[in-house]
Amino acid sequence: VSASGSWWCELAWLGGERAEAGVLVRAEAGLITSVEAGHASAPDGASALRGLVLPGFANAHSHAFHRALRGHTHRGGGSFWSWRETMYEVAGSLDPESYFDLARATFAEMALAGITAVGEFHYLHHGAGGTPYSDPNAMGEAVIAAASEAGIRITLLDACYRHGGVGEPATGVQQRFCDPSAEAWAERVEAISERPGLTIGTAIHSIRAVDPDAAALVCAWAAGRGCPLHAHVSEQRAENEACREAYGASPVEVLAEAGALGERFTAVHATHLTEADVSLLGSSRSCCCLCPTTERDLADGIGPASRLLAAGSPLSLGSDSQAVIDMLEEARAVELDERLASGLRGTHDAPSLLRAATSAGHACIGDPRAGAIKTGARADLVSVRIDGVAGAGSTADSALDSAVFAASSADVETVVRDGETIVSEGRHRKIDVAAELTRSIGTIFQ
Ligand SMILES: [Zn+2]
C-alpha cells in the first residue's frame, strides 16, 4: 500500500550537518513530492511529527529467526562457534508456519525501531535432512508474508549454502540450508523471483559454506538479474585460515575471483581484512555491512570501518543476530568501537553514521530510491523523541548528535513507510509486538 499525505516535522534531517526546523513533507503514491523547511507550525491537514524526523532505516543484514536466541545464549561464555550450536537448535525446530509467526513478530519489532526495509539473508530453506517442502520456497514465502504483515519492505537475499565448512559436507541442521547443487539453488530462486512485487537478492552464505565454483554461479545469476549479492565475509579468523589453507587466498580474494565484487555486492561483517582486501573492496565500490551489536555479542572483533570508507566502500548496517534491534545503536557503535580501538574520537560524525543506517543501507538491498527526505524518494519517515529522558536538554542544533549518540529504538514514536503510518505513539498499528514475540518464541523454548 502506498499512500499520499503531508507531514510537518518539528525538526528533520535532510542530509546536512544539522537538523532543519519546521519541515513540511508532501507525498503522493508513496513518493515525496516536495520538502520545504521554515514552516513555524503544522499547516491545516498536515500530520505533525514531533521531535527529530529521520528517513526510514534500512536493516541491511537480518536473520529473522535468530530473534528467538536473545537472552538464551549469553550464559556460560563460549565463542561464535558455540553460539552457532544453539542457533542450529532453533533453526532445526522451525517449519513454515512457526517461521512465519516468529518472523512476523520480529519484523514488527523492526518497524517499532524505525526500520522500513529489511535485507533478509535467508538460508533456512528446506525441511529436516534437506528434504524440500512441497513448495520448495515455502520458508522464503513465510518471511515475505511476515514482512508484509509487519508493514515493512523486504529484499529476500536468498542464500546458496553447500558445505558445513571448507571442503566438508553439510551435516545435521545444516542440511536444511542446502540445495542439492548450485544449479538447483538457481532454479529455486528463479521460481520465487517471478513472484510479483518481490525484490529479490542473492547471497553466498560464506566461503565456509560455498565453494568457488558454486560462488561463481551465484555471481553470474545475480549479474544477469542486476540484483544485490551479499556474503558473510571474514567474520572469524578461523574462517580466513581455512580459506587460505584450501585456496591460498583470503575470502575477499576468492570472492573477487568468482566475480562477486562491485557496486551490487555487500560484504557482511568484513571484520578481519588484510590491506589488500580493503583495497579490493574499496576500489570496486563494494558495500560493507557492519553489524556491531552482533559482532560484539559474538566476540568477532572490530571491522576496519574508516579504512573501508576511505578506500571507497559505502558502509551499511544490520541487526544480524537480533541481539538487539536498534539501528541508532548499530550506527553509533561504528564510531564508539573505533574510539575504543584507536584512542581517537570523532572519525564518523552523525550524518555519516545516519547515511549508513539509511541511504547506503537501502541502496545495498537494491532500493536506491529510499533513505533520504527529498523529492522523488520514498516517503519513509521516522520521528525520534527528543523530549524524553534520553533526549531531554537537546536543542535544534544538537538534536542530530543527541539522537545518534544517545537515543534508542524506545524513543521512536511514529514510523511512516511509503506514506503509510505503520507505528504511531510508539505502538505498531496492527501487531501487539511483545505478545507476539512471547508467543512465537515460547513455542520454541517450551
Ligand atoms: Zn549474518
Inset, instruction - Report the residue count in segment 20-45 for those that are open to solvent by less than 20 Å² (accessible area, probe 1.4 Å) and not in a strand (DSSP E or B). - result: 1
Inset, instruction - Would you kindly identify the strands (runs of 3 or more DSSP E) lying entirely within segment 94-197 that contain at least 3 residues that are touching a residue at least 12 places away in the same chain (Cβ under 8 Å) and surrounded by fewer than 24 Cβ atoms within 10 Å (Cβ to Cβ)? - result: 163-165
Inset, instruction - Name every residue in segment 271-287 that is under 17 Å from the mean Cα position of the chain (by Cα) and without any contact (Cβ under 8 Å) to a residue 40 or more places away in the chain, in order of residue number. - result: Thr271, Ser286
Inset, instruction - Filter segment 393-405 for residues that are touching a helix residue (DSSP H, G or I) at 6+ places or on another chain (Cβ under 9 Å), open to solvent by 50 Å² or more (accessible area, probe 1.4 Å) and not hydroxyl-bearing (Ser, Thr, Tyr) and give the result. - result: Gly393, Asp401, Phe405
Inset, instruction - Could you tell me which of the residues Ala60, Ala105, Ala113, Ala91 is among the aliphatic types (A, V, I, L, M), within 16 Å of the ligand (Cβ to nearest atom) and within 17 Å of the chain's Cα centre (by Cα)? - result: Ala60
Legend entry - Options Thr86, Thr73: the member that is within 16 Å of the ligand (Cβ to nearest atom) and assigned to a loop (DSSP other than H, G, I, E, B): Thr73
Legend entry - Only listed residue being under 21 Å from Arg244 (Cβ atoms) and either in contact (Cβ under 8 Å) with a residue 60 or more places away in the chain or not acidic (Asp, Glu) (or both), chosen from Gly361, Gly301, Gly262, Gly318: Gly301
Legend entry - Flag for Glu413 being open to solvent by 40 Å² or more (accessible area, probe 1.4 Å) and either over 27 Å from Ala377 (Cα atoms) or in contact (Cβ under 8 Å) with a residue 24 or more places away in the chain (or both): yes
Inset, instruction - Taking Leu315 as the residue in question, decide whether it is over 15 Å from the mean Cα position of the chain (by Cα) and open to solvent by 10 Å² or more (accessible area, probe 1.4 Å). - result: no
Inset, instruction - Within segment 416-446, work out how many residues are surrounded by fewer than 21 Cβ atoms within 10 Å (Cβ to Cβ) and either among the hydrophobic types (A, V, I, L, M, F, W, C) or assigned to a loop (DSSP other than H, G, I, E, B) (or both). - result: 11
Inset, instruction - Of the numbered conditions (1) touching a residue at least 60 places away in the same chain (Cβ under 8 Å); (2) open to solvent by less than 20 Å² (accessible area, probe 1.4 Å); (3) away from the ligand (no atom under 16 Å from the Cβ); (4) of a type outside the set (A, V, I, L, M), Gly366 fails exactly one; give the number of that condition. - result: (2)
Inset, instruction - Kindly check whether there is at least one residue in segment 330-348 that is in contact (Cβ under 8 Å) with a residue 60 or more places away in the chain, under 25 Å from Arg18 (Cα atoms) and within 16 Å of the ligand (Cβ to nearest atom). - result: no
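The values are calculated or read from the model by the stated rules, or taken from the named source; none is laboratory data. Just so we're clear, the structure is a prediction, and the values are computed from it rather than from any experiment. Counting neighbours? That spans all protein chains shown, and the Cβs are built from the backbone with ideal geometry, glycine included. Each accessible area value is taken on the protein alone, full model and side chains, heavy atoms only, with ligands, DNA and RNA left out. Shrake-Rupley method; radii C 1.70, N 1.55, O 1.52, S 1.80 Å.
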